[in-house]
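Reviewing the structure listed below.
Values in this text are rule-based calculations from the coordinates and carry no lab data. The shown structure was predicted, so the numbers you read here are calculated from the model rather than taken from an experiment. Counting neighbours? That spans all protein chains shown, and the Cβs are built from the backbone with ideal geometry, glycine included.
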Amino acid sequence: MKIHEYYRDTANICLNGSLAALVPTVMIVGGNISFFQNKEIMILTLPFLVYSLISFQIYLFRLKQSIAIGINMTKSKSLYQSLFDVKQLLVVYLNSQHPRLLLYFPDGHLAGEIKKYRVKGNRVFELTKTFALHNFHGQVIGFFKVKGKNHLKIDVYDQNNVYLGCYEKKKVSWMKHKKELLDASGRFIGEIEGSSFYMDEHLLDKSKHVVGRLRRGWMPLEWSPIFPEPNTPVLSFWEGLTEKDKLLRMSFLINEYFIER
């Protein structure tokens, strides 16, 4: 899914919402004409009509964005080979019936996605809530198994089910949590610190050096023809991290988008 296809899909979601809001409107009008014949009852249709109109306007706006991006990306081919090879990825959350976290290269091509993982007959995966990281070919390249609530733990595995480590979120006080990263041996290798009021998460190593960052509102201007939303979150990784290092640290995205939301 290229980025213009994402905007097309979000436009269709808005269109479906607009049409769905007309259903109770028709039912109220039809019921009133058939049984009540009371003008005051027609006021009940106003919230649904307003919602339908707003959703339709958003649909038109998103559709226009999709067309413009598609023109900018005409016949373009991605130069990137792997989502682990780039320093920056753009993060887009698709809030649908089956939510997905889409990761994009700066050129607008899909780098990968994170979504819920289900395997029939596999009890190991059934006992826990599991998410999988897919590359742009649709191949699974990592697993994130979520455990606990008050003391959240996300175990990370590579594509061969080799345990890499985990993300732990512990409650320190009523408003504060400690978010740590541990390696396969249980040793502390880093933590996540960020703001409670806006998206700016820092990935720190054990020496408190920043090795990664997720922030909103800092997208480079040259990306705007492909990503028209300036607040599109950007995930950055510093040089020196291996693929397994990045995969382990990407576990915080599960908490950020699938649990805290």
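Give me the number: length gained by fully extending E5 to I33, i.e. 0.36 nm times residue separation minus the C-alpha to C-alpha distance, one decimal in nm. All intermediate terms of the calculation are to be shown ahead of the outcome.
Numbers: separation 28, 0.36 × 28 = 10.08 nm, distance 4.21 nm.
Going from the current span to full extension adds 5.9 nm.
Out of V210, Y93, V26, whose Cα points farthest toward the positive end of the dipole of the chain (charges: +1 Lys, Arg; -1 Asp, Glu; placed on Cβ)?
My answer, from the dipole projection, is V26.
Please give the length that would be gained between E40 and K116 if that part of the chain were fully extended, namely 0.36 nm times their separation in residues minus their C-alpha to C-alpha distance (nm, one decimal).
My answer for the length gained is 22.7 nm.
At a threshold of 8 angstrom on Cα-Cα distance, excluding pairs fewer than six apart, so keeping six or more, what relative contact order does region 19-122 reach in percent?
Normalised by residue count, the contact order of region 19-122 is 15 percent.
Cross-link partners among aspartates and glutamates for K178, C-alpha distance below 18 Å, same-chain residues fewer than 8 apart left out?
Output for K178: D155, E168, E191, E193, D200, E201, D205, E256, E260.
Between F197 and K149, what is the label-point separation in nm under the 7 Å Cα-to-beta-carbon projection?
Modelled inter-label distance: 3.1 nm.
Compute the helix-to-body angle for 46-72: its Cα long axis versus the longest principal axis of the chain, expressed 0 to 90° and rounded to tens.
The two axes meet at around 50 degrees.
Counting helices only, and only those DSSP H runs with n ≥ 4, report the 222 nm mean residue ellipticity of the chain as the sum of -39,500 (n - 2.57) divided by its residues, in deg cm²/dmol to the nearest 500.
Working: 4 runs with 67 residues, N = 261.
Dividing the helical sum by the residues of the chain leaves -8500 deg cm²/dmol.
For region 234-261 and region 87-109, compute the distance between their C-alpha centroids and round to whole Å.
So the two Cα centres are separated by 13 Å.
Explain nothing, just the number: relative contact order of the chain, from Cα pairs under 8 Å at least 6 residues apart, as a whole percent.
Working: 456 pairs, mean separation 35.8, N = 261.
In percent, rounded to a whole number, it is 14.
Determine the dipole magnitude for region 201-261: charges of +1 sit on the beta-carbon of Lys and Arg, -1 on that of Asp and Glu, nothing else is charged, the reference point is the Cα centre, and the result goes in debye to the nearest 20. Kindly include the intermediate steps, with their values, before the conclusion.
Values: 9 positive and 9 negative charges, 41 e Å.
The dipole magnitude comes to about 200 debye.
Farthest toward the dipole's positive end in the chain, which of L53, P230, P220, given Cβ charges of +1 (Lys, Arg) and -1 (Asp, Glu) about the Cα centre?
So the residue furthest toward the plus end is L53.
Just in region 131-166: which trypsin sites (Lys or Arg not before Pro) are loop by DSSP and have at most 13 other Cβ atoms within 10 Å? Don't jump to the answer; show the numbers that get you there.
On the way: sites: K145, K147, K149, K153; in loops: K149.
The qualifying sites are K149.
Restricting to Cα pairs below 8 Å that are 6+ residues apart, what does the relative contact order work out to for region 120-261? Please round to a whole percent.
That works out to 14 percent.
Please get the size of the charge dipole for the chain, origin at its Cα centre, with Cβ charges of +1 on Lys and Arg and -1 on Asp and Glu, quoted in debye to the nearest 20.
In debye, rounded to 20, the chain gives about 600.
Using +1 on the beta carbon of Lys and Arg, -1 on that of Asp and Glu, and nothing else charged, what's the dipole of region 120-237 about the Cα centre, debye to 20?
Computed charge dipole of region 120-237: roughly 640 debye.
In terms of Cα to Cα distance under 21 Å, which lysines are near enough to K179, apart from those fewer than 8 places away along the same chain?
Correct list for K179: K129, K145, K147, K149, K153, K169, K170, K171, K206, K208, K244, K246.
Given the options L164, F143, M175, identify the residue whose Cα lies farthest towards the positive end of the charge dipole of region 100-237 (+1 on Cβ of Lys, Arg; -1 on Cβ of Asp, Glu).
Result: M175.
Return one number: the angle in degrees, 0 to 90 and rounded to the nearest 10, between the long axis of the Cα atoms of helix 3-31 and the longest principal axis of the Cα atoms of the chain.
So the helix axis and the longest Cα principal axis differ by about 40 degrees.
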